[in-house]
Structure formats: structure tokens, C-alpha cells
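Visitor: Have a look at this one.
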Amino acid sequence: MLKKLYNWSSSWTGTIVIVLGIIFFIAQAFVIPSGSMKNTLLVGDMLFVKKFSYGVPTPTIPWLEVKVLPDFKGNGHLIDGDRPKRGDIVVFRYPHNPDIHYVKRAVATGGDILFLQDKQLYLHPKEGNEYIEAHFENYDKVEINGKLYVVNPYSKEFKGIHTDPSVENDGYNPRELFFMHPIQVPEDETFMMGDNRDHSNDSRFWGSVPYKYIVGKPWFIYFSWDENYKIRWDRMFKTIDTIENNTKEDIELNHEKGIY
């Protein structure tokens, strides 16, 4: 039996089935195409996406974007799973063109209320004021109509989150970068923002992302090079958690040296 299985897996048919099985259900390669997640993920980072992080998406053939199976559940997944959590980096399909993949950070989930004022993000999680006091004790907070809002959540844990001082509210830049009226995220949807806040096309412009478009979570970087094709050896085979920790350490070290 084992010999037959080995012979089958060594054949062209077996190899193709195994490779497609991995791509459909376990991991898929993804290239960071833009600087919207800088300084956490960089242009030229090539990573594997863990496709079982949030359930099992309905399989499609990569690059061709042809569905292999129908969307039986109507939510883009063969098997339901956990939904993205606040602070997760998520790979998803762009809701207005599902053939395109995006990678952003989840900043709010279904039921949360958030708004933007002078580039500052304000979040009221659906769990309420007591949850905020318990989980965001090191953050600034404001109270509006009896609700506590966290100011710039996640920015202390994930140092890659930043704004660009050169992007000003001068009438030329999009208003969405500076102001957004309070909204409540619909149930089973996730509000996404890039860590490079002033250079990111995200939910501020086109709304929150329904679960059906969620693909998975970045796993590890298998290759990386910059715009001059210089290999970034220090990023090779690093998990995203390691990259985030390294980013935090690098930025804190720069601050100690007076570099901002």
C-alpha cells in the first residue's frame, strides 16, 4: 500500500494533485506589490499565506482565478473558521474586484464603532467600556456620549503603523486620510487599514471586507529583494510575528539614537 502511494505521488498526476492540494487548502505564494504595509511588510517581500487561518476558502486555480468548486455556503469558504481578530494582518480579495488580492491589518470587526479625526484612529470595540479599560490600559482614551474610544489602537504593539508628516490636509490629498465620520462595522465584516496609513488604499475608501473575501494570514517570508534587486537576507524565512518583533526593536533603537 505504501509503495503504491509512493509510486502514485512520484508520478506527474500525483505531483500535480499534491501541489494543487497544498495551494488550495494549506498555503499559497503571495508577493507584496505596494508599500501600503511598510514598515511591516515591504515591496518585494515574497511570502506564503496560511490559507486555513480563517477556515478553508473555496479553492481557485492561482493566477487564472478559476473556481474549482462552487461556493456551496455562499460565504466564500468550504469550511467556516475563526474570523480575523483586531490587529491581525490579513490577506483578502478586494471586494470590488475579487481577482485582486490585498494585504492589510484588521483594525475593527463586526459591531465595532470607529472614526478618524486629523489622521488619528478612534475605536470603540463592541465589547464596551470595561473591555477597553482592561485591554487598552496603556492607550489614550476619550469619552463621547458615554462610550470610550481608544486613540490609535495597535500602534504600541505594532510599531510598523505610522503616518507620513509630509502628507498634509492641504486640499490635494484625499479627505479620507484625515477624517471619517463614525461608522459601525457590519456583522461578519472586517475594517482593514494599511500600516503605512497615508499611502494605503483600504477600507477608508471602499468599506469593510465581508468574510467571504477573507483568504488567510501571512505565514513567513521565503524570499525578499528591494527595488534594486538586492536580496534582503535578514528577512528570509522569517515568520510575520518575527518580522513584527524585529520592526519594533529596530524602531525603538532608532528612537533611542534620536532617529525618527
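The values are calculated or read from the model by the stated rules, or taken from the named source; none is laboratory data. Note that the structure is predicted; figures quoted are calculated from it, not measured. Note that each Cβ is placed from the backbone with ideal geometry, even for glycine, and that neighbours are counted across all protein chains shown. With ligands, DNA and RNA removed, areas are computed over all heavy atoms of the protein, side chains included. Shrake-Rupley method; radii C 1.70, N 1.55, O 1.52, S 1.80 Å.
Visitor: For the chain, give the share of DSSP beta bridges that are antiparallel, in percent and rounded to the nearest 5; count only bridges with both residues there.
Guide: 95 percent
Visitor: In whole percent, what relative contact order does segment 41-138 give with Cα contacts below 8 Å and a gap of six or more residues?
Guide: Relative contact order of segment 41-138: 16 percent.
Visitor: Is segment 64-141 rounded, prolate or oblate when judged by the Cα gyration tensor, a ≥ b ≥ c being the square roots of its eigenvalues, rounded requiring a/c under 1.5 and prolate requiring a/b larger than b/c?
Guide: Note, shape of segment 64-141 comes out prolate.
Visitor: Same structure again: Jot down the per residue volume, in cubic angstrom and as a whole number, of the convex hull over the alpha-carbon atoms of segment 109-213.
Guide: About 112 Å³ per residue, rounded to a whole number.
Visitor: Right, next: Under the Karplus relation 6.51 cos²θ - 1.76 cosθ + 1.60, θ = phi - 60°, what is the ordered set of whole-Hz ³J(HN,Hα) values for segment 53-62, x standing for Gly and Pro?
Guide: With coefficients 6.51, -1.76 and 1.60, one gets 5, 10, x, 10, x, 4, x, 10, 7, x Hz.
Visitor: Could I have the simple spin-label model distance between Leu64 and Asp82, label points 7 Å from Cα toward Cβ, reported in nm to one decimal?
Guide: 3.4 nm
Visitor: How far apart, in nm, are the 7 Å Cα→Cβ label points at Asp99 and Glu187?
Guide: So the two model labels end up 3.4 nm from each other.
Visitor: In cubic angstrom, how much convex hull volume per residue do the alpha carbon atoms of segment 107-153 span?
Guide: Hull volume normalised by residue count: 72 Å³.
Visitor: If packing is taken as the average number of other Cβ atoms within 10 Å across a peptide's residues, how do 153-160, 63-70 rank, most packed first?
Guide: My ranking of the peptides, most packed first, is 153-160, 63-70.
Visitor: Students often check this: by mean Cβ neighbours within 10 Å, which of 39-50, 74-85 ranks highest, and how do the rest follow?
Guide: Answer by packing, highest mean first, reads 39-50, 74-85.
Visitor: So, one more: If I model a spin label as a point 7 Å beyond the Cα along the Cα-Cβ vector, how far apart are those points for Phe223 and Phe205 in nm?
Guide: Reported label-point gap for Phe223 and Phe205 is 2.9 nm.
Visitor: Now for a separate question. With log10 I(q)/I(0) by the Debye sum over Cα atoms at q = 0.11, 0.13, 0.16 Å⁻¹ as the read-out, I listed [x] -0.60, -0.84, -1.22; [y] -0.67, -0.91, -1.30; [z] -0.74, -0.94, -1.20; which label goes with the value calculated from this structure?
Guide: Derived directly from the coordinates: [y].
Visitor: How large a share of the accessible area of the chain, in percent, is made up of carbon and sulfur atoms when the probe is 1.4 Å and the other protein chains stay in place?
Guide: 56 percent
Visitor: Amide H to amide H under 5 Å from Lys38: which residues, 5+ apart in sequence or cross-chain, H placed 1.01 Å off N in plane?
Guide: For Lys38, whose amide H was placed from the backbone, the distant partners under 5 Å are Asn196.
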